[in-house]
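A.B. asks: If you scroll down you'll find the structure; I have some questions about it.
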Amino acid sequence: MGNNLFSQVRKLERAKNQYNNYQYVDAQETYLRVAEKGHRSAELFSNLGDSYYFNSQFEEAIKWYEELINSYSDEIEPEYYFRYAHALKTAERFEDSDTYMKKFAELSKGDKRGRLFDSIPNYMERIELQSGRYNIENASINTLFTDFGASFYGNSIVFSSSRDTLIFNNNVHQWNNEAFLDLFITEYDSVSKNFSKSRKFGGKLNSKFHESTPVFSNDGNTIYFTRNNFDDGNVGRDQKGTNRLKIFRSYKNDQGGWTTPQSLSFNNDEYSVAHPALSVDEKTLYFSSDMPGGKGASDLYKVSINDDGSFGEPENMGDHINTEGKETFPFISKNNDLYFSSDGHIGLGGLDVFVTKLEPTTKEEKYVINIGKPVNGPKDDFSFIINENSKKGYFSSNRNGGKGKDDIYNFVQIEDIKSFCEITIKGIVKDSETEEIITGAKVTIYDEEYNVIEVIEVGDDGAYTSTNKIECSAKYFIRIEKLDYSTTEMMLETPDETQTIDLANYRELRLVREVKVVEIGDDLAKILQMQPIYFDFDNYIIRPDAKVELAKVIEVMKQYPNIKIEIRSHTDSRASAEYNKKLSSRRAVKTLNYIAIVGEIDRSRLSSKGYGEEELLNNCVYGVECSEEEHEKNRRSEFIIIEQ
């Protein structure tokens with residue numbers, strides 16, 4: 001019994017060392033043997049779960065995290081609620097996942113992942129909104145092993161693969177028991193739509209350790225790529241003996257080959273620097289790292305590339321992008337969109353691909369957006385690249401149905417990112433004096449150019465709600481009308497974020513019962529409390545603000561089909577009296593034509609007359625210095641009832 005216990009303790013120590021050295025395959029085997037002997041502990045279940053979780057074997061991770069949480073909930077860190085919730089998504093158990101994310105958010109008030117979950121309760125709706133924008137297919141270059149991380153290289157792509165596993169099975173990685181990754185190249189034939197046979201790329205770029213995720217300069221003469229800490233024949237390790245990742249750079253030589261790769265100056269033995277991406281102007285390098293001072297398991301960073309090829313100081317890309325989870329695999333499109341993968345932002349499970357603007361100009365452009373299905377799914381989706389001109393690209397995934405552990409997928413984008421900003425307008429039609437609900441009214445929503453967006457017939461409850469698309473940061477006009485009531489209208493500027501605007505308490509939208517009988521000689525502009533119909537100086541073009549007011553005249557003439565009006569136009573005193581008389585006549589005719597054509601009002605009900613400068617409203621006579629605003633008051637139209 002004592003010898004058996006001693007043996008289990010030694011196995012646990014060995015498994016722990018294997019786990020700490022990222023030898024997850026070996027750690028799993030050792031932990032499983034111990035578990036089969038009946039040994040139970042929080043450390044055993046957490047490390048066993050982690051060994052599967054960090055190797056993207058989420059189904060097994062769920063099993064052991066479940067044991068951990070059910071048996072040792074008082075001993076575990078809140079992080080394990082997140083990992084369990086995240087793993088549950090890969091099994092599409094979204095309701096269960098949300099339950100444990102709520103628990104995680106309660107226990108980790110300062111964690112961005114929890115705050116995001118609390119602040120976006122409709123995250124599945126947002127993901128569905130972006131879904132269906134890509135047609136994808138499994139690339140023909142994939143093997144039974146690991147293939148991922150495609151990069152554009154002229155008409156070719158360069159990618160990483162462990163397809164040499166069966167050839168060099170004596171040189172395998174302890175993380176996943178496959179051959180170390182090498183860089184391969186394949187050409188794509190746009191005519192046959194097939195890839196050429198893949199072959200090793202770059203000669204001396206490949207080593208006996210991992211190479212992956214290359215990125216090339218626009219001229220194809222410079223490559224940055226990820227490699228294990230192996231430089232000049234020497235293997236580098238951190239203080240715990242772990243071989244980390246570094247970014248290397250190489251230049252194309254005169255013979256078409258590549259120079260010996262050089263480790264970048266900001267690499268470090270104590271942490272990983274990986275997965276490079278270049279800005280459009282190639283003056284900035286983006287990458288992922290777990291260097292000290294970061295926010296999570298890995299963060300995104302950027303560093304300036306100086307003219308002489310040296311580098312500035314790496315800069316963390318901040319809380320806008322980075323979470324306490326993993327942010328990795330950046331890519332910068334020609335439109336300055338930053339695509340990256342994350343398990344910290346809210347997704348569908350595993351790593352999801354997200355996008356945000358590098359240089360946002362509006363609040364909406366600051367959003368980090370999950371690009372939706374089918375690119376994203378329950379498993380890991382990463383290494384996304386796109387050609388903005390052709391809308392074609394590649395991403396990698398370990399989803400079910402692939403050929404190997406990680407596969408490359410090619411895609412065509414068929415629709416751009418959809419706006420998250422959605423405005424809903426609602427309200428209740430009421431009487432201005434009695435506050436009684438008014439039924440049977442008509443609510444019309446117009447855009448800034450006075451195009452009809454939606455017409456709503458109000459029911460017995462007096463309520464109305466918009467169903468057509470109302471954009472953010474835009475101007476709209478809301479008009480409410482009903483027989484025996486004066487038509488009312490207001491201009492609404494929508495905010496720059498999603499919300500429902502309740503107009504129920506807006507006094508300017510209350511309906512006023514018509515009690516005054518119009519008489520011959522009345523000016524409709526005064527009766528309707530219209531804004532003056534102004535014209536620009538020396539012009540008779542109908543202005544956009546005038547169109548809004550003329551719509552009110554049109555509506556009254558439709559409601560009262562016996563009314564006839566005379567349109568009277570006035571100018572300011574500048575220019576000669578004769579010229580102003582002709583100008584005002586043209587303005588009156590222009591106004592008449594607008595009412596007749598746009599409002600479909602019979603011309604027999606309309607007449608016009610130009611008064612020039614004969615009836616000024618102020619002292620701005622010819623020769624008197626006045627402001628533009630004072631002159632504008634005289635450039636007006638009146639709508640005088642001449643028959644009813």
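A.B. asks: Can you tell me the accessible area per residue over the chain, all protein chains present, probe 1.4 angstrom, in square angstrom? Mind showing how you got there, number by number?
C.D. replies: Numbers: 31120 Å² over 644 residues.
Each residue of the chain exposes 48 Å² on average to a 1.4 Å probe.
A.B. asks: If you don't mind, another one. Along each of its three principal axes, how wide is the spread of alpha-carbon positions in the chain, in whole angstrom units, largest first?
C.D. replies: Largest to smallest, the principal-axis extents are 112, 64, 49 Å.
A.B. asks: Continuing with the same structure: Full-extension gain between Ile414 and Ser627, please, as 0.36 nm times their residue separation minus the C-alpha to C-alpha distance. All intermediate terms of the calculation are to be shown ahead of the outcome.
C.D. replies: Numbers: separation 213, 0.36 × 213 = 76.68 nm, distance 5.45 nm.
Full-extension gain reported as 71.2 nm.
A.B. asks: Can you compute the modelled spin-label distance between Glu436 and Glu315, with each label point 7 Å from Cα toward Cβ, in nm?
C.D. replies: If labels sit at Glu436 and Glu315, their model points lie 6.5 nm apart.
A.B. asks: Want the number for Arg33 to Asp118: 0.36 nm per residue separation, take away the alpha-carbon distance, what's left? Could you put the intermediate results ahead of the total?
C.D. replies: Numbers: separation 85, 0.36 × 85 = 30.60 nm, distance 4.00 nm.
Result: 26.6 nm gained on full extension.
A.B. asks: Where in segment 421-438 is the amide nitrogen less than 16 Å from a point lying 7 Å along the Cα-to-Cβ axis of Asp461?
C.D. replies: 425-430, 437-438
A.B. asks: Nearest 10 degrees, 0 to 90: what angle lies between the long axis of helix 79-90 and the longest principal axis of the chain (Cα atoms)?
C.D. replies: Once rounded, one gets 80 degrees.
A.B. asks: So which trypsin sites (Lys or Arg not before Pro) in segment 351-383 are both in a DSSP loop and have at most 15 other Cβ atoms within 10 Å of their Cβ? Don't jump to the answer; show the numbers that get you there.
C.D. replies: Numbers: sites: Lys357, Lys363, Lys366, Lys379; in loops: Lys363, Lys379.
Sparse-neighbourhood loop trypsin sites (Lys or Arg not before Pro): Lys363.
A.B. asks: With a point put 7 Å past each Cα toward its Cβ, work out how far Thr424 is from Lys208 in nm, to one decimal.
C.D. replies: Computed distance between label sites Thr424 and Lys208 equals 6.4 nm.
A.B. asks: Amide H neighbours of Cys620 under 5 Å, counting only residues 5+ apart in sequence or on other chains, H built in-plane at 1.01 Å?
C.D. replies: Under 5 Å from the amide H of Cys620 lies no amide H from a residue far enough along the sequence or on another chain.
A.B. asks: Another question, if that's okay. Put a dot 7 Å past each Cα toward the Cβ at Asp281 and Ser41; how far apart are the dots in nm?
C.D. replies: Result: 5.6 nm between the two label points.
A.B. asks: With all distinct Cα pairs included, what does the Kirkwood hydrodynamic radius of segment 516-643 come out to in Å, to one decimal, could you say? Spell out each step's value before the answer.
C.D. replies: Details: mean 1/r = 0.0679 Å⁻¹.
The Cα-based Kirkwood calculation yields 14.7 Å.
A.B. asks: Which of the chymotrypsin sites (Phe, Trp or Tyr not before Pro) found in segment 394-428 are loop residues per DSSP with 16 or fewer other Cβ atoms within 10 Å of their Cβ? Don't jump to the answer; show the numbers that get you there.
C.D. replies: Working: sites: Tyr394, Phe395, Tyr409, Phe411, Phe420; in loops: Phe420.
Taking segment 394-428 and a limit of 16 other Cβ atoms within 10 Å, the loop chymotrypsin sites (Phe, Trp or Tyr not before Pro) found are Phe420.
A.B. asks: Find, among the GluC sites (Glu not before Pro) in segment 565-625, those assigned to loop by DSSP (not H, G, I, E, B) with at most 13 other beta-carbon atoms within 10 angstrom. Mind showing how you got there, number by number?
C.D. replies: Working: sites: Glu566, Glu578, Glu600, Glu613, Glu614, Glu615, Glu625; in loops: Glu600, Glu613, Glu614, Glu615, Glu625.
Those that pass, being in a loop and sparsely packed, are Glu600, Glu614, Glu615, Glu625.
A.B. asks: For the pair Glu128 and Asp545, what calculated FRET efficiency results from E = 1/(1 + (r/R0)^6), where r is the Cβ-Cβ distance and R0 = 35 Å, to the nearest 0.05? Present the calculation step by step, with values, prior to reporting the outcome.
C.D. replies: Details: r = 40 Å, r/R0 = 1.15.
That gives a FRET efficiency of 0.30.
A.B. asks: Quick check: at a probe of 1.4 Å, how many percent of the accessible area of the chain sits on carbon and sulfur atoms?
C.D. replies: Numbers: 14290 of 31120 Å².
Here it works out to 46 percent.
A.B. asks: Okay, moving on. Report the local net charge at Ile501: Lys and Arg +1, Asp and Glu -1, summed over other residues whose C-beta lies under 12 Å from its C-beta. Intermediate results must be reported in sequence, preceding the final value.
C.D. replies: Values: positive: Lys426; negative: Glu422, Glu493, Glu497, Asp502.
Local net charge: -3.
A.B. asks: Hey, another quick one. Classify segment 435-553 from the C-alpha gyration tensor, please: rounded if a/c falls under 1.5, else prolate or oblate depending on whether a/b exceeds b/c.
C.D. replies: On the way: a/c = 2.35, a/b = 1.14, b/c = 2.07.
The shape class here is oblate.
A.B. asks: On to the next question. Over segment 549-644, what relative contact order in percent results from Cα pairs under 8 Å that are six or more residues apart? Write out the running numbers ahead of the final one.
C.D. replies: Numbers: 161 pairs, mean separation 42.1, N = 96.
Computed over segment 549-644, the figure is 44 percent.
A.B. asks: May I ask you to list the lysines whose Cα is less than 21 Å away from that of Lys582, ignoring any residue fewer than eight positions away on the same chain?
C.D. replies: Counting by Cα, and skipping residues close in sequence, Lys582 has these lysines nearby: Lys590, Lys609, Lys633.
A.B. asks: Note the full-extension length gain between Lys240 and Thr498 as 0.36 nm times their separation in residues minus their Cα-Cα distance, in nm to one decimal. Before the final figure, lay out the partial values.
C.D. replies: Working: separation 258, 0.36 × 258 = 92.88 nm, distance 4.90 nm.
Here the answer is 88.0 nm.
A.B. asks: Considering the options Thr260, Thr284, Ala274, tell which one lies farthest towards the positive end of the dipole of segment 235-291, charges being +1 on Lys and Arg and -1 on Asp and Glu at the Cβ, about the Cα centre.
C.D. replies: Most positive-ward Cα: Thr260.
A.B. asks: Mean residue ellipticity at 222 nm from the helices of the chain, using -39,500 (n - 2.57) per DSSP H segment of n ≥ 4 over the full residue count, to the nearest 500 deg cm²/dmol? List each step's numbers first, then the result.
C.D. replies: Values: 12 runs with 148 residues, N = 644.
The helix contribution divided over the chain gives -7000 deg cm²/dmol.
A.B. asks: Relative contact order (percent) for the chain, with alpha-carbon contacts under 8 angstrom and 6 or more residues of separation?
C.D. replies: Working: 1404 pairs, mean separation 55.4, N = 644.
Relative contact order of the chain: 9 percent.
A.B. asks: Less than 13 Å Cβ to Cβ from Ile332, Lys/Arg counted +1 and Asp/Glu -1: what total charge do the surrounding residues give? Display every interim value, and only then the final one.
C.D. replies: Values: positive: Lys283, Lys302, Lys334, Lys357; negative: Asp281, Glu282, Asp337, Glu359, Glu388.
With Lys, Arg at +1 and Asp, Glu at -1, the net is -1.
A.B. asks: Could you name the lysines in cross-link range of Lys252, using Cα to Cα under 26 Å and dropping any fewer than eight places away on the same chain?
C.D. replies: The reachable lysines, counting only those whose Cα sits under 26 Å from Lys252, are Lys197, Lys200, Lys204, Lys208, Lys283, Lys302, Lys334.
A.B. asks: Alpha carbon centre of segment 407-482 versus segment 536-607: separation in Å?
C.D. replies: Each part's Cα centre sits 30 Å from the other's.
A.B. asks: Find the relative contact order for segment 258-343 and round it to a whole percent, using C-alpha pairs within less than 8 Å whose residues are 6+ positions apart.
C.D. replies: Values: 171 pairs, mean separation 21.7, N = 86.
Over segment 258-343, the number comes to 25 percent.
The values are calculated or read from the model by the stated rules, or taken from the named source; none is laboratory data. It should be emphasised that the depicted structure is a prediction, and the values quoted were computed from it without experimental measurement. Using ideal geometry, Cβ is built from the backbone for each residue, glycine included, and neighbour counts are taken over all protein chains shown. Only protein heavy atoms, including side chains, enter the accessible area calculation; ligands, DNA and RNA are left aside. Shrake-Rupley method; radii C 1.70, N 1.55, O 1.52, S 1.80 Å.
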